[in-house]
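This report refers to the structure that appears directly beneath it.
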Amino acid sequence: MSVDGPVLAADGTPLKRSLAKALRREKFRAFMLVAPLLVFILITFVAPIADMLFRSVENSIVRDTIPRTVQALRTWDPEASELPPEATFSAFYTDMVFAEERKQHTRLGTRLNYEKTGISSLFRKSGRRVGRFDTDEYAKAFADLNAAWEDTATFEGLVGNAALPETASAYATWRAVILEDDKDPASEAPWDVVYNALYRDLMQAQSVELTDAMLAEAQAAVATWEPVSISEALIDVDEDWADPEVWKTIQTYAASYTPGYFLNSADLQLTPDGIESRPENERIYITLFQRTLFMSLVITFSTILLGYPVAWLLANLPARHANVLLILVLLPFWTSLLVRTSSWKVLLQQQGVINDLLVWIGLIDDAGRLVMINNQTGTIIAMTHILLPFMILPLYSVMKTIPPSYLRAAKSLGATNWTAFWRVYFPNSVPGIGAGSILVFILAIGYYITPELVGGTQGVFISNRIAYHISSSLNWGLAAALGTVLLAAVLLLYYAYDKVVGIDNVKLGG
Amino acid sequence: MSGLPPYATTGQRIWYYTFRVICGLIFFFLIAPILVIIPLSFNAEDFFTFTPAMLSLDPDGYSLKHYRDFFTNRDWQQSLWNSVTIAPMATLLSVGFGTLAAIGLSQPHVPFRRAIMAILISPMIVPLIISAAGMFFFYSRVGLQGTYWGVVLAHAALGIPFVIITVTATLVGFDRSLTRASASLGADPVTTFFKVQMPLILPGVISGGLFAFITSFDEVVVVLFVGSAGQKTLPWQMFTGLREQISPTILAVATILVAISIVLLATIEILRRRSERLRGMSPS
């Protein structure tokens with residue numbers, strides 16, 4: 001071995017490389033132990049959160065349900081003409097017939113109704129009627145012209161004909177719908193809507209030289225037919241179709257992604273003319289966010305007020321006594337949330353224990369029983385009780401580390417009790433207040449169960465609205481957007497918590 | 001404030017006792033709501049308050065009828081059964097994955113340790129309603145919504161942070177030379193894990209498991225969205241009961257749950273002390 005060469009390990013490789021290899025192996029092994037859980041959490045928890053974020057902007061329903069209309073409206077300039085051209089009405093008619101068959105038009109109506117009230121019923125009404133438009137006259141006329149037009153095979157041969165784009169697309173969708181129904185397209189006659197497309201295509205292609213004899217014959221014939229106006233038929237169903245605002249709304253929400261839900265969470269809406277605030281009676285979310293923040297602050301403050309003396313007592317008693325008292329803090333912490341909420345419901349209601357007691361003492365008379373539930377008071381009392389252990393425990397663990405000699409030193413130097421506490425002890429306990437406050441605040445702003453049960457209408461939080469949109473109004477996009485806003489607030493606080501306390505230092509149960 | 005010094009002034013004495021009274025009241029506020037439902041659950045009437053018969057300690061004022069209702073009513077029994085089949089399975093998953101990961105995280109060289117830790121703890125921080133909403137959306141996409149396994153997976157995810165935190169805390173005091181000694185005596189890693197490391201961190205694993213269990217057993221928001229009527233758990237049944245037809249059986253169930261939490265709390269406390277003793281720390 002040369003004296004100035006690299007130091008070698010036992011197997012002859014340079015020691016440096018050998019060490020690096022061992023370190024890599026160790027890193028890999030540690031990572032492999034963590035990997036299963038990481039994958040598990042990514043699938044069961046992170047993916048759902050990502051899905052929610054995605055849903056808060058996703059809006060493909062318009063494009064998927066009425067693709068032809070979306071396409072046709074792209075070139076429509078609301079400034080230039082009052083209503084979209086007949087071609088757009090016809091495209092919408094085609095879309096609507098298929099959407100109605102697939103039972104998708106009501107879902108789209110509900111979606112657009114979030115942006116403009118009335119569209120939901122408009123869609124439902126139109127869905128019922130589109131099957132009975134006068135386009136059957138086209139179907140009859142084509143059949144009279146040539147019996148082959150009743151045959152699916154004829155249309156099969158038209159697919160790919162550049163002169164007949166609408167027919168090809170309408171026929172393809174019709175075929176798909178028939179197949180979805182487990183029927184054989186060959187034994188079915190195409191619907192009127194396909195003949196309407198064929199008529200329109202042939203009218204468009206009047207100047208084109210068609211080589212196919214049957215097509216050329218039809219091309220010559222259609223020019224003499226009485227046209228059926230789809231726009232008149234639709235406006236006859238409901239005169240709202242003559243309202244350009246409806247078409248503008250469809251145009252505005254045609255994109256696959258929309259900021260609409262987020263604007264809605266801020267009481268704004270995206271209108272054809274830009275972002276505007278919602279009508280007065282629909283503005284609820286700003287108020288709700290403000291209320292959630294305000295009540296969470298009140299709850300946090302109450303837990304500090306109640307938790308501080310208790311934590312102080314626990315930290316300054318001999319360990320034997322402190323442990324007994326700590327059980328009184330830990331028992332509520334371990335008791336089911338539902339148990340604590342139900343006991344508050346029992347205690348606070350007008351025929352409940354507290355009111356009975358007050359009447360019995362004579363503080364209030366029987367008629368003047370206090371209303372302490374189904375309002376903000378109920379939520380604040382119950383949630384302060386439920387979250388109090390989360391304040392006491394971090395405060396206690398910080399206060400335990402403050403040496404009692406500090407206070408004695410301050411007093412021996414002439415400080416009064418108050419000065420010694422305020423100038424010496426309190427500043428030392430601030431990290432505990434910080435940790436406890438952030439924890440309580442994070443938990444409070446996302447609470448659902450307790451406000452739902454004791455909050456009535458005035459004491460509910462933003463989470464109750466999210467739940468409402470998921471299970472009752474079925475406006476999932478808005479629920480996702482509200483959830484995303486709430487999540488952003490919580491993550492910001494989580495970041496702050498990490499900076500103040502450190503995630504590694506989270507302690508459970510004393 | 002351990003006792004008043006003999007030279008305390010009257011003002012100090014008054015403050016000393018006032019402070020104790022205030023603390024006593026706060027403790028009362030903490031514990032009374034839980035204790036008050038216990039006598040109420042033995043009410044012979046369908047009331048949620050003390051009847052005159054109860055206040056005069058008349059035996060006729062008390063009865064076990066709400067408990068009988070709980071044990072005979074099919075809805076309650078079904079929800080109890082759902083709870084005891086969901087929670088252990090979720091706990092098993094959390095403890096299995098969580099313990100492995102905690103051991104991995106306690107190694108000296110883990111890449112992206114902070115980021116991984118943040119992700120693993122996040123189910124505890126993200127508000128339940130948001131987890132529930134996300135899981136509802138995602139699990140309906142993949143067909144897990146309304147199934148037993150959907151609820152189990154969701155609850156396992158919620159329990160994992162607790163397992164990670166408790167097991168990591170036990171591992172902080174773990175003497176790594178023990179595993180080296182075991183290896184030098186010829187034990188392979190698997191034997192070392194089960195014979196040396198596991199017995200020492202067992203208290204942490206068990207208390208983590210108890211946390212995970214109680215998380216699943218008490219959880220209502222997520223199961224409300226991810227589950228369907230077939231997965232109705234005990235808290236869900238209580239929630240429905242409180243919201244719709246409020247029946248005193250809820251108080252009987254609540255009392256049983258309080259008893260369960262007392263047992264769990266005692267177990268955790270014993271385990272914590274044992275763990276500290278094993279690691280050579282004096283129990284505080």
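The values are calculated or read from the model by the stated rules, or taken from the named source; none is laboratory data. Just so it is clear, the model here is predicted, and its values are computed rather than measured. Virtual Cβ from ideal backbone geometry, glycine too; neighbours counted across all protein chains shown.
Within region B:216-261, track down each residue that is facing another protein chain (nearest Cβ under 7 Å) and under 19 Å from the mean Cα position of the chain (by Cα).
B:Asp218, B:Val220, B:Val221, B:Pro235, B:Met238, B:Phe239, B:Ala254, B:Leu257, B:Val258, B:Ser261
Restricting the search to region A:242-278, which residues are surrounded by 17 or more Cβ atoms within 10 Å (Cβ to Cβ) and β-branched (Val, Ile, Thr)?
Hits for region A:242-278 are A:Val246, A:Thr249, A:Ile250, A:Thr252, A:Thr258.
Against the condition of a type in the set (A, V, I, L, M), at pLDDT below 90 and under 28 Å from B:Gly208 (Cβ atoms), how does A:Ala444 come out, does it pass?
no
For region B:229-244, state whether one or more residues are under 22 Å from A:Ile449 (Cα atoms), crowded, with 21+ Cβ neighbours inside 10 Å and among the aliphatic types (A, V, I, L, M).
Scanning region B:229-244, I find at least one residue that is under 22 Å from A:Ile449 (Cα atoms), crowded, with 21+ Cβ neighbours inside 10 Å and among the aliphatic types (A, V, I, L, M), so the answer is yes.
If you go through region A:131-176, how many residues are surrounded by 18 or more Cβ atoms within 10 Å (Cβ to Cβ) and over 20 Å from A:Ala205 (Cβ atoms)?
5
Condition (residue is assigned to a helix (DSSP H, G or I), touching a residue at least 60 places away in the same chain (Cβ under 8 Å) and more than 7 Å from every other protein chain (Cβ to nearest Cβ)) applied to region B:106-127: is it met by at least one residue? Show your work before the answer.
First, the residues of region B:106-127 that are assigned to a helix (DSSP H, G or I): B:113-125.
Those still in the list that are touching a residue at least 60 places away in the same chain (Cβ under 8 Å) too: none.
Scanning region B:106-127 turns up no residue that is assigned to a helix (DSSP H, G or I), touching a residue at least 60 places away in the same chain (Cβ under 8 Å) and more than 7 Å from every other protein chain (Cβ to nearest Cβ).
Only one of B:Asp58, B:Asp75 is charged (D, E, K, R) and either within 13 Å of chain A (Cβ to nearest Cβ) or touching a residue at least 24 places away in the same chain (Cβ under 8 Å) (or both); which? First the steps, then the outcome.
Working: B:Asp58 fails: either within 13 Å of chain A (Cβ to nearest Cβ) or touching a residue at least 24 places away in the same chain (Cβ under 8 Å) (or both).
Of the residues listed, the single one that is charged (D, E, K, R) and either within 13 Å of chain A (Cβ to nearest Cβ) or touching a residue at least 24 places away in the same chain (Cβ under 8 Å) (or both) is B:Asp75.
Within region B:17-53, which residues are away from chain A (no Cβ under 11 Å) and modelled with pLDDT under 90?
To start, the set of residues in region B:17-53 that are away from chain A (no Cβ under 11 Å) comprises B:17, B:42, B:44-46, B:53.
Once the filter is applied, which keeps residues that are away from chain A (no Cβ under 11 Å) and modelled with pLDDT under 90, region B:17-53 yields B:Phe42, B:Ala44, B:Glu45, B:Asp46, B:Ala53.
Got a sec? Which of B:Phe50, B:Phe27 is outside any helix (DSSP H, G or I) and within 26 Å of A:Thr341 (Cβ to Cβ)?
On the way: B:Phe27 fails: outside any helix (DSSP H, G or I).
Being outside any helix (DSSP H, G or I) and within 26 Å of A:Thr341 (Cβ to Cβ) holds for just one of B:Phe50, B:Phe27, which is B:Phe50.
Would you confirm whether or not region A:41-55 contains a residue that is farther than 23 Å from B:Ala154 by Cα and in contact with a Ser or Thr (Cβ under 9 Å, 6 or more places away or on another chain)?
Kept after step one, since they are farther than 23 Å from B:Ala154 by Cα, are these residues of region A:41-55: none.
No, region A:41-55 has no match at all.
Restricting attention to region A:284-292, does a residue exist that is part of a helix (DSSP H, G or I) and charged (D, E, K, R)? It would help to see each step written out before you state the result.
In the first step, residues of region A:284-292 are kept if they are part of a helix (DSSP H, G or I); the result is A:285-292.
Now narrow it down to the ones that are charged (D, E, K, R): A:291.
Scanning region A:284-292, I find at least one residue that is part of a helix (DSSP H, G or I) and charged (D, E, K, R), so the answer is yes.
Just need a number here: residues in region A:350-380 that are within 20 Å of B:Phe50 (Cβ to Cβ) and under 34 Å from the mean Cα position of the chain (by Cα).
2
Would you call B:Leu64 surrounded by fewer than 18 Cβ atoms within 10 Å (Cβ to Cβ) and either within 11 Å of chain A (Cβ to nearest Cβ) or at pLDDT below 90 (or both)?
Working: surrounded by fewer than 18 Cβ atoms within 10 Å (Cβ to Cβ): yes; either within 11 Å of chain A (Cβ to nearest Cβ) or at pLDDT below 90 (or both): yes.
So B:Leu64 fits the description; yes.
Could you pull out the residue among B:Ser177, B:Ser207 that is modelled with pLDDT under 90 and within 13 Å of chain A (Cβ to nearest Cβ)?
Details: B:Ser177 fails: within 13 Å of chain A (Cβ to nearest Cβ).
The conditions single out B:Ser207.
Run down A:Glu217, A:Glu239 and say which single residue is modelled with pLDDT of 85 or more and surrounded by fewer than 19 Cβ atoms within 10 Å (Cβ to Cβ).
Going through A:Glu217, A:Glu239 in turn, just one is modelled with pLDDT of 85 or more and surrounded by fewer than 19 Cβ atoms within 10 Å (Cβ to Cβ): A:Glu239.
Could you pull out the residue among A:Ile250, A:Ile235 that is part of a helix (DSSP H, G or I), among the aliphatic types (A, V, I, L, M), closer than 30 Å to A:Glu137 by Cα and free of Cβ contacts under 8 Å to residues at least 12 places away in the same chain?
Working: A:Ile250 fails: free of Cβ contacts under 8 Å to residues at least 12 places away in the same chain.
So the residue among A:Ile250, A:Ile235 that is part of a helix (DSSP H, G or I), among the aliphatic types (A, V, I, L, M), closer than 30 Å to A:Glu137 by Cα and free of Cβ contacts under 8 Å to residues at least 12 places away in the same chain is A:Ile235.
For every residue, the table says whether it meets (1) among the aliphatic types (A, V, I, L, M); (2) at the interface with chain B (Cβ under 10 Å from one of its Cβ atoms).
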residue	(1), (2)
A:Ile41	yes, yes
A:Thr44	no, yes
A:Met52	yes, yes
A:Asp77	no, no
A:Ala91	yes, no
A:Gln104	no, no
A:Thr110	no, no
A:Thr117	no, no
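Can you find even one residue in region A:14-32 that is aliphatic (A, V, I, L, M), within 7 Å of another protein chain (Cβ to nearest Cβ), assigned to a helix (DSSP H, G or I) and surrounded by fewer than 19 Cβ atoms within 10 Å (Cβ to Cβ)? If you could, list the steps in order and put the result at the bottom.
Initially, region A:14-32 is screened for residues aliphatic (A, V, I, L, M), giving A:15, A:19-20, A:22-23, A:30, A:32.
With within 7 Å of another protein chain (Cβ to nearest Cβ) added as a condition, the list becomes A:23, A:30.
Next, from what is left, pick out any that are assigned to a helix (DSSP H, G or I): A:23, A:30.
Remaining after also requiring surrounded by fewer than 19 Cβ atoms within 10 Å (Cβ to Cβ): A:23.
Yes, some residue in region A:14-32 is aliphatic (A, V, I, L, M), within 7 Å of another protein chain (Cβ to nearest Cβ), assigned to a helix (DSSP H, G or I) and surrounded by fewer than 19 Cβ atoms within 10 Å (Cβ to Cβ).
Give me the residue from region B:88-105 that is farther than 14 Å from B:Gly204 by Cα and out of contact with any Gly (no Cβ under 9 Å at 6 or more places or on another chain) and, out of that set, surrounded by the most Cβ atoms within 10 Å (Cβ to Cβ).
Out of the qualifying residues, it is B:Phe97.
If we scan region B:79-96, do we find a residue that is at the interface with another protein chain (Cβ under 7 Å from one of its Cβ atoms), assigned to a helix (DSSP H, G or I), within 23 Å of B:Met198 (Cβ to Cβ) and under 19 Å from the mean Cα position of the chain (by Cα)? It would help to see each step written out before you state the result.
Residues of region B:79-96 at the interface with another protein chain (Cβ under 7 Å from one of its Cβ atoms): none.
Within region B:79-96, none of the residues are at the interface with another protein chain (Cβ under 7 Å from one of its Cβ atoms), assigned to a helix (DSSP H, G or I), within 23 Å of B:Met198 (Cβ to Cβ) and under 19 Å from the mean Cα position of the chain (by Cα).
Would you kindly identify the helices (runs of 4 or more DSSP H) lying entirely within region A:297-384 that contain at least 1 residues that are surrounded by fewer than 19 Cβ atoms within 10 Å (Cβ to Cβ) and more than 8 Å from every other protein chain (Cβ to nearest Cβ)? Quick ask: steps written out before the conclusion?
Details: elements: A:319-334, A:337-348, A:353-361.
Because the criterion is at least 1 residues that are surrounded by fewer than 19 Cβ atoms within 10 Å (Cβ to Cβ) and more than 8 Å from every other protein chain (Cβ to nearest Cβ), the helices (runs of 4 or more DSSP H) in region A:297-384 that meet it are A:319-334, A:353-361.
Among the residues of region B:135-147, count how many are assigned to a helix (DSSP H, G or I), more than 8 Å from every other protein chain (Cβ to nearest Cβ) and among the hydroxyl-bearing types (Ser, Thr, Tyr).
Residues flagged as assigned to a helix (DSSP H, G or I), more than 8 Å from every other protein chain (Cβ to nearest Cβ) and among the hydroxyl-bearing types (Ser, Thr, Tyr) within region B:135-147 amount to 1.
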